[in-house]
Each structure stands twice: as C-alpha cells, then as structure tokens.
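Engineer: Here it is, the structure in full.
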Amino acid sequence: MADNEDVLTFYDAMAADYHLIFQDWVPAHEQQGHLLDRLIRAHVDASMYPLTVLDCACGIGTQAIGLAKQRGYRIHASDISPQALARAESEAKQAGVSVSFAIADMRSLGQTIAGRFDVVMAFDNAIPHLLTDEDLHLAARELRAKTRSGGLLLASTRDYDSLLEERPQLTSQRIIPTASGIRVVFQVWEWQGEQYRMTQFFVVPHGPEWRMRSYTTSYRALRRKTLTHALSQAGFGEVNWLMPHESGFYEPIVLATA
C-alpha cells in the first residue's frame, strides 16, 4: 500500500470534505445502494437472504449506508482511516440504518474481523492504493479469506487500461451548483511510471471569496488483468468485469466468486 501514513493522512484529512465530490451525497449513496442491490441479487441466490456484507473500504459510508437502506442485508464496514470511519458511523446513525464498524487494513482483515461474509466489497478505487504486487496479493488473500464459499467479491477501480494510454494530468473536473454558489472539483495527477500522486482539489465559495482545499495520496494504475490474476491466485473462481455502460456505476466493477 502507499505508505500507511500517506493513506491515513489523506483519508483522515479529507473525511469532513469527502461528500463534496458529489453534487448531493445522500441521493448519491441511495442511488448506489439500489445499484448494488440489483447487482448482488443478480449474482447471489435470493433464498440465502438476509446476506452478510463486509465493506472493507467503507470510507464515510457511501456504499455501506446506501446498501443498508435496502432490505435483506446485514452490513459490517471497515476502513483504515479512523476519521472516515467516525464520520461513517455518524452518518449511519443520522440515516437510521444499522451498520457495525471496525478499523481494519484490507491486508490484515483477519486480525480484526471475525467470520466470513456472503458479499465482500471494496469500492471507489480503494485497491489501487496497494502499490506493490506483494501488498496486492496479500490483500487478495485476505479478501478471499473473508468471503464464504460460494460468496461474491465486488470491487471497483478506475479504468486504468485506458488511463495508462492517456496518462492525464488533470481529471474529474466538474462545476457543481450549490445553494451558496458553484463548487469546483478536480484532480491533478503526477505520473511516476505506473504509479501517480493524486491531489484532490475543492474550490468552494466563501462569501464574496473562494477557498481552496487539497489532499494528496498515491495510487497504482492497476490494469484489469493484474487484479484478475491476483484474485485468481488468491483462490477466487470465476472473475468477471462490468464496464460502466453495463453496470451504471462510474467505474469498472470486478465480480469474483469464492
């Protein structure tokens, strides 16, 4: 993984601002909950409901809370960032949903989280924080160990197969209307081989002025075949990918059966 302090600093610092990526975070996580519910029900036997779900990169709860609002799920959520986890717990209470939480690194889930789950999730480009093959394969084994036999892993990454051809330096730029004026959101990428330093910028109105906040971390531009190989080596069976035009999600999604 990118150095633990790098990842922790990034997500701890951005926990209070993470929702600013979305035009409106609550409808966004509700929409993602519906999407994930449809996806899971298409791949898991409905007779097994209610399903146990581990979201092992939950952040502030975007997928965990969204899915918890659907019927038929018992959600446990974990993350490496205490500040993100604290906000996720607060947001879950505010939403009136039942989610249990724990601090955990996806490379050592077994040290913190007991049992196996029907569904394990890691969305929003979390796995590409694993910068080395050693960490990637270690995490893949931990994900497999937490997925029951016959269960399902769902994870999303950026479309790095295409991005490695383009190597963009400015991405995700959007102008978002708000009640107090427009908000500008964008990322700057500094490439270093097949890794890059990403800085997330938020430019927000403050009275007649603007204020800018930024947060930086590292990613690996993880090709789909590389992640597929790691999951297969870890003991997952069939591994398939759904592209955004197929799933309706903004990133490619990998589905792996245990």
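The values are calculated or read from the model by the stated rules, or taken from the named source; none is laboratory data. Every value quoted in this text rests on a predicted model; they were computed, and no experiment measured them. Virtual Cβ from ideal backbone geometry, glycine too; neighbours counted across all protein chains shown. What goes into the accessible areas is simple: the full protein's heavy atoms, side chains included, and nothing from ligands, DNA or RNA. Shrake-Rupley method; radii C 1.70, N 1.55, O 1.52, S 1.80 Å.
Engineer: Can you name the residue in segment 221-241 that is open to solvent by 40 Å² or more (accessible area, probe 1.4 Å) and assigned to a strand (DSSP E or B) and is also nearest to Leu164 (Cα to Cα) among such residues?
Structural biologist: Here the residue is Trp241.
Engineer: Give the residues of segment 127-154 that are closer than 21 Å to Ile65 by Cα and open to solvent by less than 10 Å² (accessible area, probe 1.4 Å), sorted by residue number.
Structural biologist: Here is the first cut: in segment 127-154, the residues closer than 21 Å to Ile65 by Cα are 127, 143, 146-147, 151-154.
Within segment 127-154, Ile127, Leu143, Thr147, Gly151, Leu152, Leu153, Leu154 meet the criteria.
Engineer: Starting from segment 223-240, keep only residues that are over 13 Å from Ile253 (Cα atoms), then list their pairs with residues that are of a type in the set (D, E, K, R) and assigned to a helix (DSSP H, G or I) whose Cβ atoms are within a distance under 6 Å, requiring at least 6 positions of separation or different chains.
Structural biologist: These pairs meet every condition: Ala234/Arg141; Ala234/Arg144; Gly235/Arg144; Phe236/Arg144.
Engineer: Which residues, counting only those in segment 139-171, are within 18 Å of Pro244 (Cβ to Cβ) and free of Cβ contacts under 8 Å to residues at least 60 places away in the same chain? Walk me through how you get there before you give the answer.
Structural biologist: So in segment 139-171, the residues within 18 Å of Pro244 (Cβ to Cβ) come out as 154-166, 168, 171.
Those that are within 18 Å of Pro244 (Cβ to Cβ) and free of Cβ contacts under 8 Å to residues at least 60 places away in the same chain: Ser162, Leu163, Leu164, Glu165, Glu166, Pro168, Thr171.
Engineer: Further question on the same structure: Among Pro168, Pro205, which is modelled with pLDDT under 95 and either farther than 25 Å from Asp79 by Cβ or in a strand (DSSP E or B) (or both)?
Structural biologist: On the way: Pro168 fails: modelled with pLDDT under 95.
Being modelled with pLDDT under 95 and either farther than 25 Å from Asp79 by Cβ or in a strand (DSSP E or B) (or both) holds for just one of Pro168, Pro205, which is Pro205.
Engineer: Can you name the residue in segment 212-257 that is out of contact with any His (no Cβ under 8 Å at 6 or more places or on another chain) and among the charged types (D, E, K, R) and is also nearest to Leu20 (Cα to Cα) among such residues?
Structural biologist: Per the criteria, the residue is Arg213.
Engineer: Out of the residues in segment 166-180 meeting the condition of being more than 14 Å from Val204 (Cα to Cα) and hydroxyl-bearing (Ser, Thr, Tyr), tell me which one is least open to solvent (accessible area, probe 1.4 Å). Walk me through how you get there before you give the answer.
Structural biologist: Within segment 166-180, the first condition is being more than 14 Å from Val204 (Cα to Cα), and the residues that meet it are 166-172.
In the following step, the residues that additionally are hydroxyl-bearing (Ser, Thr, Tyr) were identified as 171-172.
Values: Thr171: 15, Ser172: 44 Å².
Looking at the filtered set, the residue picked out is Thr171.
Engineer: Now a separate question. With respect to Arg183, determine if the residue is open to solvent by 50 Å² or more (accessible area, probe 1.4 Å) and either among the basic types (Lys, Arg) or in contact (Cβ under 8 Å) with a residue 60 or more places away in the chain (or both).
Structural biologist: Details: open to solvent by 50 Å² or more (accessible area, probe 1.4 Å): no; either among the basic types (Lys, Arg) or in contact (Cβ under 8 Å) with a residue 60 or more places away in the chain (or both): yes.
For Arg183, the condition - open to solvent by 50 Å² or more (accessible area, probe 1.4 Å) and either among the basic types (Lys, Arg) or in contact (Cβ under 8 Å) with a residue 60 or more places away in the chain (or both) - is not met.
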